[in-house]
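Quick one: this structure, given as structure tokens, is what I'll be asking you about.
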Amino acid sequence: MKKRLILSIGILLNLLTVTAQVQPVQPQLTDSKSFSMILLPDPQSYTKFDVNQPLFELMTAWTANNKERLNIEAVLCTGDLVEQNEIRIPDGVNGNQTSEEQWKAASQAFARLDNKLPYVICTGNHDYGYEKSENRLCRFPAYFPSERNSCWRKSLVEVGNNYQDIPTLENAAYEFETDTWGKILVVSLEFAPRDEAIEWAKTVTEKPKYKDHKVIILTHSFLAWNGKRHIKENYKVSPANYGEAIWQKLVYPSSNICMVICGHECEIAPFKDNVAFRVDKNAAGKEIPQMMFNAQTADGFWHGNGGDGWLRIMEFMPDGQTIKIKTFSPLFAISPTTADKSWRTESYDQFDITIK
């Protein structure tokens, strides 16, 4: 009986091996002692068309499936989960989904990560108001309450108040403890944060218990395509702080903020004009890298497929100071006919970041 059981298990394992999905491109860490974070760019153009929605879900499913292979610690998203926060009649050009349908699609995509990986989302301009930030009305708290992902029980450590003075994940801090990098704190900020939100973030990062953490700020609007920090943008939401103000009020004076990540900026232009990177010294003379990544017009259209599935794999090397950035598309990687297009390897899409 025991021999039969062992034989049956062996046959089953062999069948699982034989029938496991074969993907032509399966990214690997360059060092087995590294860990990674996955960066998802603005998904609004995936969620606003029903035909595009499965593409964003493919990206999150791929991420969940590669948790062990890439030793994924967390997933970051640059915001603009939807195209419009409160519309009932889509125009068919800027999307064929109502706001509720868009929010449900975004929620369903992130459900692929629930209870498997912690993810950090910052809200974007399209997540507020009616179409784009006429006010701070936002459905994000309803679809992303702190209880939905059990992984947050361990990682979510601070929550700030929104414009209604209610604590929501629009402003939140997540802690990750690693063997090689020590403790990392990712702080997400609402779009064009109010002074109150910036003051909350400043208070959090200055707490004694976080003084030795490496702090990453995740906010939607910070860098423009040309690498300059935004001074002002034409949105009605007020009060508001944009890139330069966030730098001056929060990042520049901080002793432990070591990096800023954003999205938002988007043009019908070559890849290089939809990403940006710069390094500036803070008040203590420490170099602070700032990275912008967007992909929603990667196929050359405002209303195309949503971004060709591009995401970034951020590999945190065992030296505790180097992050290898690689730009990858699970969409292209799953088929032999498109596998050769699954990496973007120009200098602005594949590079190293040094954190000191």
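The values are calculated or read from the model by the stated rules, or taken from the named source; none is laboratory data. In this text the structure is predicted, and so the values were computed from the model without any measurement. Neighbour counts run over all protein chains shown; Cβ positions are idealised from the backbone, glycine included. Just the protein is used for accessible areas: all its heavy atoms, side chains included, with ligands, DNA and RNA removed. Shrake-Rupley method; radii C 1.70, N 1.55, O 1.52, S 1.80 Å.
Multiplying the sequence separation of A142 and Y130 by 0.36 nm and subtracting their Cα-Cα distance, what value in nm do you get? Show your work: numbers first, answer last.
Numbers: separation 12, 0.36 × 12 = 4.32 nm, distance 1.58 nm.
That pair, A142 and Y130, stretches by 2.7 nm at full extension.
Could I ask something else about it? Among the listed pairs K236/K272; K272/K326; K214/K281; K67/K356; K183/K232; K272/K341, which are separated by more than 25 Å between their Cα atoms?
Values: K236/K272 29 Å; K272/K326 14 Å; K214/K281 16 Å; K67/K356 27 Å; K183/K232 34 Å; K272/K341 16 Å.
Correct reply: K236/K272; K67/K356; K183/K232.
For A172, list long-range residues whose amide hydrogen, built 1.01 Å from N in the peptide plane, is under 5 Å from its own amide hydrogen.
For A172, whose amide H was placed from the backbone, the distant partners under 5 Å are G160, S188.
Oh, and also: Rg and Dmax of the range 62-204 over Cα atoms: what are they, in angstrom?
15.8, 50
While we're on this one: So how far apart, in nm, are the two label points at T322 and E346 if each is 7 Å from Cα heading toward Cβ?
Inter-label distance under the simple model: 2.5 nm.
Here is a follow-up. With θ set to phi - 60°, apply the Karplus curve 6.51 cos²θ - 1.76 cosθ + 1.60 along the range 103-115 and write out the HN-Hα couplings as whole Hz, x wherever there is a Gly or Pro.
Values, residue by residue: 5, 5, 5, 4, 4, 5, 5, 6, 4, 4, 9, 4, 6 Hz.
So what J values fall out for the range 261-271 if you push phi through Karplus, 6.51 cos²θ - 1.76 cosθ + 1.60 with θ = phi - 60°, rounded to Hz, Gly and Pro as x?
Taking θ as phi minus 60°, the curve returns 10, 8, x, 6, 5, 7, 9, 7, 7, x, 3 Hz for the range 261-271.
For Cα extents along the principal axes in Å, which listed value, (i) 71, 50, 40; (ii) 88, 45, 40; (iii) 56, 55, 34, comes from the coordinates shown?
(i)
While we're on this one: How much length would be gained if the chain were fully extended between S238 and I166, taking 0.36 nm per residue of separation minus their Cα-Cα distance, in nm to one decimal?
Taking 0.36 nm per residue and subtracting the Cα distance, the gain is 24.1 nm.
Could you give the accessible area per residue of the range 35-354, probe 1.4 Å, as a whole number in Å²?
The answer is 39 Å² per residue.
Any idea how far apart E177 and E196 come out in nm if each label point goes 7 Å out from Cα toward Cβ?
Each label point lies 7 Å from its Cα, and together they span 3.3 nm.
Just order 118-127, 242-251, 308-317, 86-95 by mean Cβ neighbour count inside 10 Å, highest at the front, would you? List each step's numbers first, then the result.
Values: 118-127: 26.5, 242-251: 20.6, 308-317: 22.9, 86-95: 13.3.
Descending packing order for the listed peptides: 118-127, 308-317, 242-251, 86-95.
Using the Karplus equation 6.51 cos²θ - 1.76 cosθ + 1.60 (θ = phi - 60°), what ³J(HN,Hα) coupling, rounded to whole Hz, does each residue of the range 272-282 give in order, writing x for Gly and Pro?
Each residue of the range 272-282 in turn: 5, 9, 10, 9, 7, 7, 8, 10, 9, 8, 7 Hz.
Please report the antiparallel percentage of the DSSP beta bridges confined to the chain, to the nearest 5.
Roughly 65 percent of the beta bridges in the chain run antiparallel, per DSSP.
Moving to a separate point now. Considering only C-alpha atoms, what is the centroid distance from the range 154-202 to the range 32-102, in Å?
21 Å
At a 1.4 Å probe, what is the % contribution of carbon and sulfur to the accessible area of the range 146-291? Display every interim value, and only then the final one.
On the way: 3050 of 6420 Å².
For the range 146-291, the apolar C and S fraction of the accessible surface comes to 48 percent.
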